[in-house]
1. Can you give me the long-range amide H partners of Ser481? Hydrogens built in the peptide plane at 1.01 Å from N, cutoff under 5 Å, separation of 5 or more residues or another chain.
2. Tell me, what ³J(HN,Hα) does each residue in the stretch 575-583 have, in order and in whole Hz, if you take phi through Karplus 6.51 cos²θ - 1.76 cosθ + 1.60 with θ = phi - 60° and put x for Gly and Pro?
3. Carbon and sulfur: what percent of the stretch 64-142's accessible surface (1.4 Å probe)?
4. Which of the peptides 203-209, 95-101 is most tightly packed, and how do the rest follow, going by the mean number of other Cβ atoms within 10 Å of each residue?
5. 5 Å is the cut-off here: which amide hydrogens, built 1.01 Å from N in the peptide plane, fall below it relative to Ser89, excluding neighbours closer than 5 in sequence?
6. Just the number, please: percent antiparallel of the DSSP beta bridges in the stretch 33-188, rounded to the nearest 5.
7. Would you mind listing how long the stretch 553-619 runs along its three principal axes, going by Cα atoms, in whole Å with the largest first?
8. Tell me, what is the per residue accessible area of the stretch 1-139 in Å², probe radius 1.4 Å?
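The values are calculated or read from the model by the stated rules, or taken from the named source; none is laboratory data. Just so it is clear, the structure is predicted and the values come from calculations on it, not from any experiment. Here the Cβ positions follow ideal geometry from the backbone for every residue, glycine too, while neighbour counts run over all protein chains shown. Just the protein is used for accessible areas: all its heavy atoms, side chains included, with ligands, DNA and RNA removed. Shrake-Rupley method; radii C 1.70, N 1.55, O 1.52, S 1.80 Å.
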Amino acid sequence: MGIVRVLPEHISNLIAAGEVVERPASVVKELMENSIDAGATALTVEIADGGMTYIRVSDNGCGMTAEDAETAFKRHATSKIGSENDLESIGTLGFRGEALAAISSVSRTELMTRTHGEETGVLIGLEAGEIVSRTPAGCPEGTTIIVRDLFFNTPARLKFMKNDTAEASAVLSAVIKTALSHPEISAKYIRGGKEELHTPGDNVLKNCIYSAMGRDFALNLLPVNWRDENVNVSGFVTSPRAGRGNRAYEHFFVNGRGVKSPGMAAGLEAAYKNSMMSGRFPGCVLHLELKASAVDVNVHPAKTEVKFFAERSIYDAVYRAVKDAIEHEGSPADEREAAEFPATWKNPNEPASGFQDTNRRAGLGHGTLLRDSGADFARLTRRPLLPGMGIRDRIEAREKEETPPDSLSPARFSPRGGQNDGQLSFAQSDDAAPLFRVVGEVMKTYIIVEQTDKLILIDKHAAHERLVYDRLMRGGDAVMSQTLMTPETYVPAPPEYAALIENAEETLALGFLIEDFGGGSLIVRQAPADIDIGEIVPLLSEIASALMQGGGDMDSSRKSIYESMACKAAVKAGRDSDPEQLKALAGRVLSGEVRYCPHGRPVATEFSKQKLDKIFGRA
Ligand code: ADP
Ligand code: MG
């Protein structure tokens, strides 16, 4: 007898489950896709314990008959394709008939469903893929699937799960991605009994972005509308001045399916070349529509990667569409888009009280400020601080005498006229480096220093940034924090919200006292003393995205968080600085303590007398 056998169905299901069902987030993605394919206009995702013990997805779609409901759990059972030809132009999200078989084989699953027009529905229970109960059920039209105890029968897989926070954050990302793929569907996400996201389903992409990705992201978007004979590109990209710290905000969709696409990402980023600072990344929600036959969606188990028959033209299309959007920033059409921003629909994530809305607080109509420059926005959000300025001034005066300018402490570079008075001030640098003279500052950016026979130019921001960063990395003193007289409120993107709440203790050590303010918003009661008011929320958002990148864990995110903090706490190029502080800073640079900013750019450059003589033909 031969030794080659066809595996029994329950084993082949388990093998398929290994490909399709990687973690709770993949279950949620598959179930949401089924709801969308079923024509739902509203769906709800609910999880407990990061989705490991409980996932529920309910929809108001077409439902299934009792007979179909049982068949649906069989491997390769699908209503979406019938012939080989159908594979060439797939119009639905699912088509392989694998998800329900795979999910139910590694969990305890319940399905409750009723078709439109039928009087009763059916409730089916499965355990490890076997149907264990079936009863008629009174239930609403549509389908509810509950998945409990994921991987209870595959302990090896269970071991690979991260903690609940990380799993929940992956679920949330899946919900966000799917919600953004279909703005005509209202998607609700409940975690641990709390609603964390709710999109309106009004088919206005911007409203969907607002509720799925948060206000901060939605504030700085440029509309994209571009087409050629093969492809239509639409959606939104971030303005070049609103670059993010990582690529987590790049969302691409092809014919309504969320995809990862290196080609599209490259086209997007290329369009920002020269208009966005290096180390910053654009965010986007870009929908591509092309003929179903121009793309193969059957190349990846979770269908998150697709193959274009003309890969290069997709890169070009994204590049040109985004470039066009960037070039038209501020044009009248752009303004129109901005003004359209949720006037009628209210973000459920936004708390009811109006005082946290900067626009309203400033007495401006809702939406009128959306396209204002970042600087103006910061100005409007600037409010006085506690403790009283008297104390602060005193501390500042004392710190100026005692502390080198690298502490995240109330010693800040005060705007007291940056002009050097021209006095020849020689100073001894800390490390007994040769005497030097600060000649002055130019362009409110570069410090000019003379030292023996050298001319040295120092980038004041880069140098200070490095000092602050090193100090944070050394982990010496706690960051000086101060209480805000008017606490800042912040409505982060839902995953950022979760990351900050989970790490409240760690962010306190960074100088932020934040509390849950309900409805997905946070209130910031204390912030590091050296951060401008207008920078508090941007900094928190960078911290949150660093935390997300590090899998919700402070230790793996520390480096990039310190980089963000150092950048925000450092003196700013283009702003006035106190000559005394510049002198102290020059001393630290000349002592050799800092050479490169945390991003690797040099902080100083020098010209020897010899070099200058050569330039002027003296040598
Ligand atoms: P696929 O989506 O690839 O067809 P699935 O295993 O995900 O495979 O689903 C199998 C079948 O079950 C689907 O083709 C569909 O007919 C039915 N089905 C699954 N989920 C739903 C739902 N939420 N509403 C209606 N029908 C559904
Ligand atoms: Mg499916």
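1. Those lying under 5 Å, H to H, from Ser481 are Ala529.
2. Each residue of the stretch 575-583 in turn: 10, 5, 10, 6, x, 5, 5, 5, 5 Hz.
3. 48 percent
4. 95-101, 203-209
5. none
6. Here the share of antiparallel DSSP bridges comes out near 90 percent.
7. Projected onto its principal axes, the Cα set of the stretch 553-619 covers 59, 27, 23 Å.
8. Per-residue accessible area for the stretch 1-139 comes out at 48 Å².
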